[in-house]
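For reference, the structure is listed below as structure tokens.
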Amino acid sequence: MGNKLICTNCQKSFNYGNISNCPECGNERIKMPHRFRPPKKDDTEKWKVVKFLIDNGFYYQHITDGGIDSDYYNRVRKYVEYPDNMRDAKIFVKKYAEMARTE
């Protein structure tokens with residue numbers, strides 16, 4: 001599986017290469033973790049959700065519900081699923097704002 005590189009402008013994902021510009025549009029590609037499953041190229045609404053989440057610091061990193069647990073098994077069970085529609089994405093961003101990446 002491995003990490004993916006995506007271009008939210010072209011709505012494409014790439015399974016290879018270094019972080020660089022998209023070969024089609026020239027925008028910088030974004031590195032996503034292995035658990036990210038890109039939407040189909042023609043699913044514009046889901047790509048809008050992906051872009052919204054990334055713009056708000058959610059790169060499909062592990063997000064836990066109920067804080068950090070030192071027991072690995074219990075922590076994995078608390079991982080939340082990422083939303084796939086804009087209404088739920090807005091709620092998700094507000095609810096888990098403290099876990100967003102700020103780089």
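Which residue fluctuates the most in the chain, going by a Gaussian network model with Cα springs under 10 Å, if the choices are PRO39, PRO23, PRO83?
Comparing PRO39, PRO23, PRO83 in the GNM, the peak value goes to PRO23.
I'd like the FRET efficiency for GLU98 and CYS25, computed as 1/(1 + (r/R0)^6) with the beta carbon distance as r and R0 of 35 Å, rounded to 0.05.
0.60
Between ILE91 and ASN3, what FRET efficiency comes out of the Förster formula 1/(1 + (r/R0)^6) with R0 = 30 Å and r the beta carbon distance, rounded to 0.05? All intermediate terms of the calculation are to be shown ahead of the outcome.
Numbers: r = 27 Å, r/R0 = 0.91.
Working from the Cβ atoms, E equals 0.65.
Given the options LYS48, LYS31, LYS78, which has the most mean-square fluctuation in a GNM of the chain, springs set between C-alpha atoms less than 10 angstrom apart?
Ranking LYS48, LYS31, LYS78 by mean-square fluctuation puts LYS78 first.
If I fit a long axis through the Cα atoms of helix 86-95 and take the longest principal axis of the Cα atoms of the chain, what angle between them do I get, 0 to 90°, rounded to 10?
50
Expressed as an acute angle from 0 to 90° and rounded to the nearest 10, what is the orientation of the C-alpha long axis of helix 44-55 relative to the principal long axis of the chain?
So the helix axis and the longest Cα principal axis differ by about 60 degrees.
Name the shape class, rounded, prolate or oblate, that the alpha-carbon gyration tensor gives for the chain, where a ≥ b ≥ c are the square roots of its eigenvalues, rounded holds for a/c under 1.5, and otherwise prolate holds if a/b is larger than b/c and oblate otherwise.
Prolate is the answer for the chain, as a/c is 1.5 or above and a/b outweighs b/c.
Read-outs throughout are calculated quantities, based only on the coordinates presented, and are distinct from any laboratory measurement. Values in this document were obtained by computation on a predicted structure and should not be read as measured data. Cβ sites come from the backbone with ideal geometry, for glycine too, and all protein chains shown count toward neighbours.
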